[in-house]
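This report concerns only the one structure given below.
No value in this document is a laboratory result; all are computed from the given coordinates. It should be emphasised that the depicted structure is a prediction, and the values quoted were computed from it without experimental measurement. Cβ placement follows ideal geometry from the backbone for every residue including glycine, while neighbour counts extend to all protein chains displayed.
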Amino acid sequence: MAFLAQVYCKVGRRLLFFILPAALFLVFCSMLDPRRLYALSSDEASNIKIYEDANRSVVNIVSTTVSYDFFYDPVPSNGAGSGVIVDRLGHIVTNYHVVEGARSLDVTLFDGSRFKAEVTGTDPGDDLALIRIKAPQNRLKPISFGDSSSLKVGQKALAIGNPFGLEKTLTVGIVSSLGRTMRAVNGRLIRGIIQTDAAINPGNSGGPLLDSSGKMIGINTAIFSPAGGSVGLGFAIPANTVKTVLPQLVNKGYVSRPWLGIKGQTIDSAEAADLNLPSAGVLVAEVLKRSPAEKAGLHGMTGELRLGNLLVASGGDLIVSLDNREIKSMDDLNDIVDGLEIGRAITLEVIRNRRPVAIKVRLEEMPLGD
């Protein structure tokens with residue numbers, strides 16, 4: 001028995017020799033930041049830092065719209081989106097389609113505080129809007145803008161937003177392509193769109209797309225999805241576009257653009273041949289009242305013709321060039337006019353009664369709502 005007791009004591013002392021330091025080590029580790037117990041890759045550490053820095057600049061937006069049922073009773077419904085704080089005055093940039101038609105807007109900041117918001121600027125042509133909340137400045141952290149003109153396909157991209165109402169969500173991917181085009185809610189093309197495979201879902205609209213330094217390179221705006229969820233095709237409006245229009249949205253509430261004042265229909269070469277016209281171009285379907293086009297004497301359609309299943313305007317002028325720049329589509333015409341100055345005099349070459357006619361037009365500022 002004495003021998004067994006001696007062995008037991010020796011074994012116990014050895015176990016104590018190993019167990020006590022291990023226990024002390026675990027107690028010490030439990031007092032540290034739990035993240036230090038696990039090895040983070042440099043990429044993971046970067047993602048965490050970007051999220052913790054930028055998340056304070058991202059807000060959740062709930063919009064309330066009202067429709068009417070069969071009995072003309074009002075039926076309110078809610079939509080969700082995201083936004084980005086751009087200054088300490090409470091200005092927030094989001095998508096126009098997030099706030100379009102909203103009767104009320106509620107904004108939730110990173111700390112859970114909620115504020116009523118009002119729309120202070122709209123730019124449907126770029127699918128951008130500016131809203132404002134009255135919040136203490138110490139709760140408002142403006143986002144840092146990056147340079148979207150220097151982006152390269154393959155570089156890292158991170159999206160923060162509120163997909164399906166799930167606040168403060170981070171997704172990571174790459175810039176998949178550049179220079180995409182997308183149709184805005186008012187029918188105009190938005191050019192220079194950024195494509196990314198960072199997961200973007202309904203509710204992400206209006207949130208930031210960030211680069212690896214945490215700077216905003218775009219405003220997430222749309223997805224391509226046959227199933228309604230992310231399939232790796234997300235699109236963002238370039239940050240440089242936001243920087244260009246932001247001063248006008250803040251100061252005027254809208255973006256000044258040159259205006260011709262027509263509604264037109266694109267005619268391709270095959271359709272031109274069927275209509276016995278000499279070339280492709282834009283058929284003037286309607287000349288808007290008090291527009292530069294009306295003042296210059298452009299002619300709108302007088303009737304319609306059917307080409308197969310297509311109804312085509314007839315009797316109006318066919319625009320084929322602007323200041324000697326060829327016009328083959330309505331998108332061509334809009335792109336050229338958008339790049340000109342308000343007040344500039346231009347020369348349109350049109351085909352009228354199958355004869356070329358030169359018409360001088362002085363562009364004016366586009367009125368609100370057009």
_Can you give me the distance in nm between label points at Arg191 and Asn276, each placed 7 Å from the Cα along the Cα-to-Cβ direction?_
3.6
_Anchor Lys289: lysines whose Cα lies under 25 Å away (excluding residues fewer than 8 positions away in-chain)_ = Lys252, Lys263, Lys328, Lys360
*asked:* Checking the a/c ratio against 1.5 first, then a/b against b/c, what shape does the Cα gyration tensor give for segment 258-365?
replied: prolate
_Extension gain (nm, one decimal) between Arg325 and Glu52, 0.36 nm per residue minus Cα-Cα_ = 93.3 nm
_From the P(r) of segment 248-289, could you give the percentage of C-alpha pairs in the tail past 11 Å?_
71
*Under 13 Å, Cβ to Cβ, from Leu307 - net charge with Lys/Arg +1 and Asp/Glu -1*: -3
*Residue by residue, what Karplus-based ³J(HN,Hα) values in Hz, rounded to whole numbers, does segment 281-290 have, using 6.51, -1.76 and 1.60 with θ = phi - 60° and x for Gly and Pro?*
x, 10, 7, 6, 7, 8, 9, 6, 4, 6
_Would any residue of segment 108-129 have its amide N under 16 Å from a label point 7 Å out along Cα→Cβ of Thr244? List them or say none._
123-129
*What spacing in nm lies between the two simple spin-label points modelled at Phe164 and Arg344, each 7 Å away from Cα in the Cβ direction?*
4.8
*Tell me, what HN-Hα J-couplings in whole Hz come from the Karplus equation 6.51 cos²θ - 1.76 cosθ + 1.60 at θ = phi - 60° for each residue of segment 201-215, using x for Gly and Pro?*
10, x, x, 6, 3, x, x, x, 9, 10, 9, 6, 9, x, 8
*Can you list the trypsin sites (Lys or Arg not before Pro) in segment 92-132 that are in a DSSP coil and have 13 or fewer other beta carbons within 10 angstrom?*
Arg103
*Partners for Lys156 among lysines (Cα-Cα distance below 28 Å; same-chain residues under 8 apart left out)*: Lys49, Lys141, Lys168, Lys215, Lys243
*Between Ala45 and Lys289, with labels modelled 7 Å along Cα→Cβ, what's the label distance in nm to one decimal, could you check?*
6.7
*Long-range HN-HN contacts of Gly121 with modeled amide H, under 5 Å*: Leu130
